[in-house]
Amino acid sequence: MSIEQALQARSESKCELCGATEDLAVFALPPSSDNSVDQSVLLCDTCRNQIDNPEQMDANHWRCLNDSMWSQVPAVQVLAWRMLNRLRGEGWPQDLLDMMYLDDETLSWAQATGDHLSDDEVVRHLDSNGVVLEAGDTVTLIKDLNVKGSSLTAKRGTAVRNISLVPDNPEHIEGRVEGQQIVILTKFVKKQK
């Protein structure tokens, strides 16, 4: 049985958010869906377009979440929670969010994309030029750095590949220099293009 067939059976051939029966397709939930039935939902064209294009959002369409948020399917709960958070400025979605319950695992899945954070709350790691850094980027050191707790001096011009971001501190990244994993201040690096 294909994923689409399994989702058709689970949803009774209806959009799992609004209940529409036309133009249904599989939607894999970001950020790292394994494209399994458990991490996918069946959505209509209208829901998919508004999820993918937030500027085309019609808040009244999403009143359907009043029903779908009570689904027993974690993927549907996650998507309903994310959409309610996107719309919370409308007023009524906040009331639904206050009623909604997600277990810890489902809630952390729902929060994984950061959609629920306002622009002020999003942690952004910026290099010395103000360019946004992302996990996996390569950066160049712009200054010789003495590594605390070792005799290593990371030289200016050293490329640090495949960096990781320190989630709760926008001024710190981690990377490997001369085989040693170190924490580096973002103000001392420049992102490579």
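Laboratory data are not the source of any read-out in this text; all were calculated from the coordinates shown. What you are looking at is a predicted structure, and each value in this text was computed from that prediction instead of being measured. Here Cβ is always computed from backbone atoms with ideal geometry, including for glycine, and neighbour counts include all displayed protein chains.
Which residues make up the longest stretch of the chain that has no chymotrypsin sites (Phe, Trp or Tyr not before Pro) in a DSSP loop with at most 15 other Cβ atoms within 10 Å?
Looking at the chain, 102-193 is the longest stretch - no exposed chymotrypsin sites (Phe, Trp or Tyr not before Pro) with at most 15 other Cβ atoms within 10 Å.
Pairwise over distinct Cα atoms, reciprocal of the mean inverse distance: report the Kirkwood radius of the range 1-111 in Å, one decimal place. Please list the in-between numbers first.
On the way: mean 1/r = 0.0712 Å⁻¹.
One over the average 1/r among Cα pairs gives 14.0 Å for the range 1-111.
Specify the inter-centroid distance of the range 152-191 and the range 53-93, based on alpha-carbon positions, in whole Å.
39 Å
Could you compute the FRET efficiency for R124 and N146, with r as their C-beta to C-beta distance and R0 at 41 Å, rounded to 0.05?
0.95
Take the Cα coordinates of the range 104-193, assign each an equal point scatterer, and use the Debye formula without solvent to give log10 I(q)/I(0) at q = 0.23 Å⁻¹.
For the range 104-193, the Cα-only Debye profile gives -1.10.
In the structure shown, do any of K143/K190; K148/K191; K148/K193 have a Cα-Cα gap over 19 Å, and if so which? Can you show the working numbers first?
Details: K143/K190 10 Å; K148/K191 23 Å; K148/K193 29 Å.
Long pairs (Cα-Cα over 19 Å): K148/K191; K148/K193.
Grab the Cα-Cα distance for K155 and A112, subtract it from 0.36 nm times how many residues apart they are, and report the gain in nm with one decimal.
Working: separation 43, 0.36 × 43 = 15.48 nm, distance 3.55 nm.
Length gained between K155 and A112: 11.9 nm.
How much length would be gained if the chain were fully extended between S164 and Q56, taking 0.36 nm per residue of separation minus their Cα-Cα distance, in nm to one decimal?
Gain on extension, S164 to Q56, equals 35.5 nm.
Along the positive direction of the dipole of the chain (beta-carbon charges: Lys, Arg +1; Asp, Glu -1; about the Cα centre), which of V131, W109, M69 reaches farthest?
V131
Determine the calculated [θ] at 222 nm for the chain from helices alone, applying -39500 (n - 2.57) to every DSSP H run no shorter than 4 residues and normalising by the residue count; nearest 500 deg cm²/dmol.
One gets -7000 deg cm²/dmol as the mean residue ellipticity at 222 nm.
Report the net charge of residues surrounding C64, where surrounding means a beta-carbon distance below 12 angstrom and charges are Lys +1, Arg +1, Asp -1, Glu -1. Provide the component values of the computation, followed by the final result.
Numbers: positive: K14, R63; negative: E16, D58, D67.
Net local charge, C64 excluded: -1.
To the nearest 20 Debye, how big is the dipole of the range 52-101 about its Cα centre, given +1 on the beta carbon of each Lys and Arg and -1 on that of each Asp and Glu?
120 debye
At q = 0.11, 0.14, 0.17 Å⁻¹, what log₁₀ I(q)/I(0) does a Debye calculation on the Cα points of the chain give, no solvent, two decimals?
Computed log10 I(q)/I(0) values: -0.65, -0.84, -1.01.
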